[in-house]
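One structure is given here, and the rest of the page talks about it.
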Amino acid sequence: MLLARRLLVLLLAAAVPALPQAAKSKPVVWILSTGGTIASQGASSTSLTDYKAGVLTGRDLVKAVPEIAEVADVKVEQIANVGSPNITIAHWLTLATRINRIFTEEPATAGVVITHGTNTLEETAYFLNLTVKHDRPVVLVGSMRPATAISADGPLNLLNAVRTATSPAARGKGVLVVLNDEISAARDVTKTNTLRVETFRSPDSGYLGFVDGDQITFYRSPTRRHTTASEFDVQGLTELPAVEILYSYVQPSPILIQALLANGVKGIVMAGTGAGLVSDVEKAALAKAKGTVIVRSNRTGSGRVPPRQEYDSSGMIGADNLNPQKARILLMLALTKTTDLVEIRRMFAEY
Ligand code: ASP
């Protein structure tokens, strides 16, 4: 009896120090790594433009930023290790499935960070914005300078992304992009410069907020449907309907349009001139499309494509202010559900 009581006292004493420890537990953040410049290596610290992307692992990146452990308990998973020109739709489907599973099966997860090359980061962000089914933060992060560079921007960007993923204010804002202390919305953001660290901008609508040393501040929220309000579900899919992009310019040949139609693509996004206009040559070639959905985006870098009778009457759909690469993603997802032009037009007005 006495022994049992002593044992109980000992057990309780052993349990006491565990309590403050438990109270100090940090938010859990998953880091899914895909490669990119943030995970790159150059020959020297001044190799700023010539380097190999997708060399370091996610674990290497986290190890290089011990400050992360002060704000989150991170779990790291390697999804790929490629330069982002080599990101594929299979990677997108893997990411969407994995993130949805993490949020469903690990309710303690505060948020997910994806390390990614900057070249196609905006596309992965918008795809996930439409296919992740949870309101907890998903933050894409990259860097413009290699990990081996003098003044590499990756480490602080990664810390800022993890901090954003733990921020209650980041919930419900859709997929976010964090670089250069700036927080952008997946739908609106685009890479605007080949080399500058302030490359990610949202030409029509600006940043959502900023990550500063003392706090994370949001100034606005996205208004278009995303994540929990999205009707798109890619669970179980292994590919998406084929949609290609064509760029308009002076005196284009019809052969690219003809080749795409002959190959049976399900959709074509035209990066039209000005407010989404194409030449008579392109119009004549596109008129031969039977069952291929044509979306008019624009090549200007910003702005909306308004309705225009001559295009609308032939069934072409305006991309609103989605750039061509984002319009392609929405069209691919739309085509997983319908080929009805009225429905697809609605989707371009809502997402
Ligand atoms: N910036 C590239 C990327 O998106 C990498 C590179 O420049 O090689 O991954």
Strands (runs of 3 or more DSSP E) contained in the stretch 135-237 and holding at least 3 residues surrounded by 21 or more Cβ atoms within 10 Å (Cβ to Cβ), in contact with a strand residue (DSSP E or B) (Cβ under 8 Å, 6 or more places away or on another chain) and at pLDDT 95 or above = 138-141, 176-179, 182-185
Residues of the stretch 89-129 being more than 9 Å from the chain's Cα centre (by Cα), closer than 19 Å to I38 by Cβ and among the aliphatic types (A, V, I, L, M), in sequence order, are L95, I99, V112, V113
Among G154, G142, G117, which is closer than 17 Å to L48 by Cβ, small (G, A, S), within 12 Å of the ligand (Cβ to nearest atom) and touching a His at 6+ places or on another chain (Cβ under 7 Å)?
-> G142
Sole residue being aliphatic (A, V, I, L, M) and closer than 26 Å to K173 by Cβ, chosen from L277, L333, L261 | L333
Answer from A23, A72 - the residue that is modelled with pLDDT of 95 or more and either closer than 23 Å to L128 by Cα or away from the ligand (no atom under 16 Å from the Cβ) (or both) | A72
Test: K173 is charged (D, E, K, R), under 18 Å from the mean Cα position of the chain (by Cα) and within 27 Å of K133 (Cα to Cα) = yes
Take I31 and decide whether it is open to solvent by less than 70 Å² (accessible area, probe 1.4 Å) and part of a helix (DSSP H, G or I).
-> no
Scan the stretch 64-83 residue by residue and report those that are within 30 Å of S25 (Cβ to Cβ), open to solvent by less than 30 Å² (accessible area, probe 1.4 Å) and in contact with a strand residue (DSSP E or B) (Cβ under 9 Å, 6 or more places away or on another chain).
-> I68, A72, V76
Among (1) within 16 Å of the ligand (Cβ to nearest atom); (2) open to solvent by less than 50 Å² (accessible area, probe 1.4 Å); (3) assigned to a helix (DSSP H, G or I); (4) over 19 Å from T166 (Cβ atoms), the one test that L61 misses = (4)
Would you please list the contacts, defined by Cβ atoms under 6 Å and residues six or more apart or on different chains, that run from a residue in the stretch 256-274 that is touching a residue at least 60 places away in the same chain (Cβ under 8 Å) to a residue that is of a type in the set (A, V, I, L, M, F, W, C) and part of a loop (DSSP other than H, G, I, E, B)?
-> K266/A242
Could you grab me the full set of residues in the stretch 118-128 that are open to solvent by 10 Å² or more (accessible area, probe 1.4 Å) and not in a loop (DSSP other than H, G, I, E, B)?
-> E123
In the stretch 84-97, is there at least one residue being buried (at least 19 other Cβ atoms within 10 Å of the Cβ) and not in a helix (DSSP H, G or I)?
-> yes
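The values are calculated or read from the model by the stated rules, or taken from the named source; none is laboratory data. Treat the numbers as computed from the prediction; the structure is a model and nothing was measured. All Cβ positions, glycine included, derive from the backbone under ideal geometry; neighbour counts span all protein chains shown. Quick note on the areas: whole protein, heavy atoms, side chains included, nothing else; ligands and nucleic acids left out. Shrake-Rupley method; radii C 1.70, N 1.55, O 1.52, S 1.80 Å.
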